[in-house]
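The values are calculated or read from the model by the stated rules, or taken from the named source; none is laboratory data. Remember, predicted model here, so these are calculated numbers, not experimental data. In this analysis, Cβ positions are derived from the backbone assuming ideal geometry, glycine residues included, and neighbour counts consider all displayed protein chains.
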Amino acid sequence: MAIIHEKLYKSESMSKIDFADYISDLADSLFYNHNVNKSRIKLNKNMDKIYFNVDTAIPCGLIINELITNCLKHAFPNDINGEVSIDLLKIEDKYVLSVNDNGVGFPENIDYKNTESLGLQLVTNLVNQIDGTIELDNVDGSSFRIIFKELEYKKRL
């Protein structure tokens, strides 16, 4: 949230955030705060230059925070090496956000949409909030893919 406030403060427009720049800063901060050895876990970023309004940026930021944090906590046990990738692409009138790792994979016995994990419940609820869809590909690690449209800004009274 602090990064979003900083980006808004520095932005030419108080209604739009350079979201690719925001994701980059967020991911770097998460790697730093989790004391990730960058020679052991590599971070890949592939993002179109996209500007989101605050109504879209905040839920997307929280989703990304949770998914990257899960990668860093669970994907690479016992000091195994790996990669985390974040992609944000605009395809026609939709956005595709992917957070992937090539770690041990998501446990087969857990339904990520119906779990006791508060973090994954938050992700599912936030995806619903942005009227998106979410898929998990569990081949060669874990890959969460979210497809959504930017929410229309609603003027508040």
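For region 68-97, which positions are hydroxyl-bearing (S, T, Y), within 15 Å of L26 (Cα to Cα) and assigned to a strand (DSSP E or B)? Before you say what the answer is, go through the steps one by one.
Of region 68-97, the ones hydroxyl-bearing (S, T, Y) are 69, 85, 95.
Filter once more, keeping what is within 15 Å of L26 (Cα to Cα): 69, 85.
Within region 68-97, S85 is the sole residue that qualifies.
Consider D131 against the criteria (1) out of contact with any Cys (no Cβ under 8 Å at 6 or more places or on another chain); (2) over 22 Å from I17 (Cβ atoms); (3) assigned to a loop (DSSP other than H, G, I, E, B): it satisfies all of them except one. Which criterion is unmet?
(2)
Please determine, by comparing only the residues of region 12-30 that are surrounded by fewer than 16 Cβ atoms within 10 Å (Cβ to Cβ) and more than 23 Å from F76 (Cβ to Cβ), which one is modelled with the highest pLDDT.
For region 12-30, the residue satisfying everything is S15.
Suppose the filter is out of contact with any His (no Cβ under 8 Å at 6 or more places or on another chain) and not charged (D, E, K, R); does G103 pass it?
Taking the combined requirement at face value, the residue does not satisfy it.
Can you work out which of the residues in region 81-90 that are of a type outside the set (D, E, K, R) and either surrounded by 13 or more Cβ atoms within 10 Å (Cβ to Cβ) or modelled with pLDDT under 95 (or both) is farthest from the chain's Cα centre (by Cα)?
Looking at residues that are of a type outside the set (D, E, K, R) and either surrounded by 13 or more Cβ atoms within 10 Å (Cβ to Cβ) or modelled with pLDDT under 95 (or both), I get G82.
In region 51-64, which residues are surrounded by fewer than 21 Cβ atoms within 10 Å (Cβ to Cβ) and either at pLDDT 95 or above or over 20 Å from L136 (Cα atoms) (or both)?
Hits for region 51-64 are Y51, N53, V54, D55, I58.
(1) assigned to a loop (DSSP other than H, G, I, E, B); (2) surrounded by fewer than 17 Cβ atoms within 10 Å (Cβ to Cβ); (3) at pLDDT 90 or above: which one isn't true of G103, the others all being true?
G103 satisfies every listed condition except (2).
Could you check, for region 31-45, whether at least one of its residues is part of a helix (DSSP H, G or I), at positive phi and modelled with pLDDT under 95?
No, region 31-45 contains no residue that is part of a helix (DSSP H, G or I), at positive phi and modelled with pLDDT under 95.
Show the residue pairs that are 6+ apart or on different chains and have beta-carbon atoms under 6 Å apart, the first residue being within region 70-87 and within 14 Å of V99 (Cα to Cα), the second being hydrophobic (A, V, I, L, M, F, W, C) and in a strand (DSSP E or B).
C71/V84; G82/I41; V84/L43; I86/V99
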